[in-house]
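S.K.: To start, I am sharing the structure in question, which I have written as structure tokens.
The values are calculated or read from the model by the stated rules, or taken from the named source; none is laboratory data. Being a predicted model, the structure only gives us computed values, none of them experimental. In this analysis, Cβ positions are derived from the backbone assuming ideal geometry, glycine residues included, and neighbour counts consider all displayed protein chains. The accessibility values were calculated without ligands, DNA or RNA, using every heavy atom of the protein model including side chains. Shrake-Rupley method; radii C 1.70, N 1.55, O 1.52, S 1.80 Å.
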Amino acid sequence: MEEKIMMYEEKMEKTLSTLKEDFGSIRAGRANPKVLDRIRVDYYGTPSTIQQVANVSVPEPRMIQIQPWEKNLIREIEKAINLSDLGINPTNDGRVIRLVFPELTEERRKDLSKDVKKKGEAAKVAIRNIRRDANDTFKKMNKANELTEDDQKLGEEKIQKLTDKFIERVDKEVEMKTKEIMTV
């Protein structure tokens, strides 16, 4: 039973790390190279991340600088950024692409906060679904006489404690990201 509980705990941990990755791609007024993680560039027929084909740096708090390792990639990178949902127009000087992040408006901050809360709620739902799956597994094991009723109850209690712990962690992540977004 312990290995089953550990398996479900790993699933909850994956849900939380996915949420953190999603939050990393939400820009909060500061330039963060993670916003480029989902953008793919055609590199000799292979879709590659920008970090795989260029040096990405943050020379100023609201600017990302992308220096491709091959000059002919500048157009490809620019095209990929323009096609993405980043909402920033890249500028280039023939060697380097610069992304300047404008200051977020109050309205945009509120929209981003709502988005963060939605993602947090989705993560909580996923964690609760994992709890439900675990409880179903314990019930099936009890019916198949692989588990006593007491062990089933004990397993359900442990899963509930894990669920509470992970939901609390999701709430903390949402709160931290919201605070980061709303900070001017």
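S.K.: Using a Gaussian network model of the chain with C-alpha springs under 10 Å, which one of P47, P68, P33 is most mobile by mean-square fluctuation?
M.R.: Its mean-square fluctuation being the largest, the pick is P47.
S.K.: Could you list the chymotrypsin sites (Phe, Trp or Tyr not before Pro) in segment 38-135 that lie in coil according to DSSP, counting only those with at most 14 other Cβ atoms within 10 Å of their Cβ?
M.R.: Sparse-neighbourhood loop chymotrypsin sites (Phe, Trp or Tyr not before Pro): Y44, W69.
S.K.: Report, in deg cm²/dmol and to the nearest 500, the calculated mean residue ellipticity at 222 nm for the chain, where each DSSP H run with n ≥ 4 adds -39500 (n - 2.57) and the sum is divided by the residue count. Spell out each step's value before the answer.
M.R.: Details: 5 runs with 110 residues, N = 184.
Calculated from helices alone, the mean residue ellipticity at 222 nm is -21000 deg cm²/dmol.
S.K.: Straight-line reach from K110: which lysines fall under 20 Å, measuring Cα to Cα and dropping same-chain residues less than 8 apart?
M.R.: K20, K118, K119, K172, K177, K179
S.K.: On average over all directions, what projected area in square nanometres does the chain have, based on the convex hull of its Cα atoms? Don't skip to the end; give the middle numbers.
M.R.: Numbers: hull surface 52.5 nm².
Averaging across all directions leaves 13.1 nm² for the Cα convex hull.
S.K.: Please give the length that would be gained between V125 and E146 if that part of the chain were fully extended, namely 0.36 nm times their separation in residues minus their C-alpha to C-alpha distance (nm, one decimal). Please report the intermediate quantities before stating the final value.
M.R.: Numbers: separation 21, 0.36 × 21 = 7.56 nm, distance 2.88 nm.
Extra length available between V125 and E146 comes to 4.7 nm.
S.K.: So, with a 1.4 angstrom probe, what is the percent of accessible area on segment 78-157 that is carbon and sulfur?
M.R.: Values: 2350 of 5070 Å².
Of the solvent-accessible surface of segment 78-157, carbon and sulfur hold 46 percent.
S.K.: While we're here: Distance between Cα centroids, segment 136-174 to segment 20-73: provide it in whole Å.
M.R.: 40
S.K.: Report the extension gain between K153 and N32 in nm, rounded to one decimal, defined as 0.36 nm multiplied by the number of residues separating them, less their alpha carbon distance.
M.R.: Length gained between K153 and N32: 39.0 nm.
S.K.: Also, quick follow-up: Give me the percent of the accessible area of segment 1-62 that comes from carbon and sulfur atoms, probe 1.4 Å, all protein chains in place.
M.R.: On the way: 1760 of 3640 Å².
In segment 1-62, the share of accessible area belonging to carbon and sulfur is 48 percent.
S.K.: With a probe of 1.4 Å, find how much accessible area segment 1-115 has per residue, and write the answer as a whole number in Å². Working shown, then result.
M.R.: Working: 6900 Å² over 115 residues.
Value returned for segment 1-115: 60 Å² of accessible area per residue.
S.K.: While we're looking at this one, here's another question. Taking a cut-off of 27 Å between Cα atoms, list the lysines near K139, but don't count ones fewer than 8 places away on the same chain.
M.R.: Within the straight-line limit of under 27 Å, K139 reaches these lysines: K4, K11, K14, K124, K153, K158, K161, K165.
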